Structures are given as C-alpha cells and as structure tokens.
C-alpha cells in the first residue's frame with residue numbers, strides 16, 4: 001500500500017496516513033537528540049585524547065593558535 005493513498009474498508013473511507021507534530025517530536029527526541037549527544041560525547045573524548053595524550057591541537061582550535 002502506498003503511503004499517501006486512501007483505503008476503503010466496508011464502504012468507509014479511511015483517512016490517509018500523514019506526519020504529525022507528535023511524529024516530529026518523537027523523531028527529535030528519539031533520533032536527533034541521542035545522535036547529537038553521542039557526537040558531542042565523542043568530540044569531547046577525542047579532544048581530551050588529542051590535547052592530553054598527544055599534546056597537540058584539535059579541530060578548529062588549530063587555526064586560532
């Protein structure tokens with residue numbers, strides 16, 4: 001069944017499926033926030049490794065020093 005087609009069951013036309021505000025909220029909460037949190041955590045870990053262990057600059061900070 002296609003996503004935006006209407007369906008008739010027992011002579012009753014069902015409304016089409018659609019994205020809602022709740023779907024956007026769930027996408028942000030359960031996909032975007034964990035992904036960005038993981039990216040931030042990895043960035044902090046790599047920053048600490050490069051600056052403390054290898055004693056070198058990291059990322060954009062190299063351009064300003």
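The values are calculated or read from the model by the stated rules, or taken from the named source; none is laboratory data. As the structure is a prediction and not an experimental result, all values here were calculated from the model. Because the Cβ atoms are built from the backbone with ideal geometry, glycine has one as well, and the counts that use them run over all protein chains shown.
Residue 51 passes every criterion in (1) on the phi > 0 side of the Ramachandran plot; (2) in a helix (DSSP H, G or I) apart from (1). A search for C-beta distances below 7 Å between a residue of the stretch 32-52 that is surrounded by 10 or more Cβ atoms within 10 Å (Cβ to Cβ) and any residue that is at pLDDT below 95 and not in a helix (DSSP H, G or I), counting only pairs 6+ apart in sequence or on different chains, returns 46/58; 47/58; 50/56; 50/58; 51/58.
Is it the case that the stretch 10-30 has a residue that's under 28 Å from the mean Cα position of the chain (by Cα), at positive phi and at pLDDT below 95? Please lay out each step first, then the result.
Kept after step one, since they are under 28 Å from the mean Cα position of the chain (by Cα), are these residues of the stretch 10-30: 16-30.
Retained after the next criterion (residues that are at positive phi): none.
Looking through the stretch 10-30, none of the residues is under 28 Å from the mean Cα position of the chain (by Cα), at positive phi and at pLDDT below 95.
Checking each residue in the stretch 54-64 for being surrounded by 10 or more Cβ atoms within 10 Å (Cβ to Cβ) and assigned to a helix (DSSP H, G or I) picks out 61, 62.
Only residues that are touching a strand residue (DSSP E or B) at 6+ places or on another chain (Cβ under 6 Å) and in a loop (DSSP other than H, G, I, E, B): list them for the stretch 1-48, please.
6
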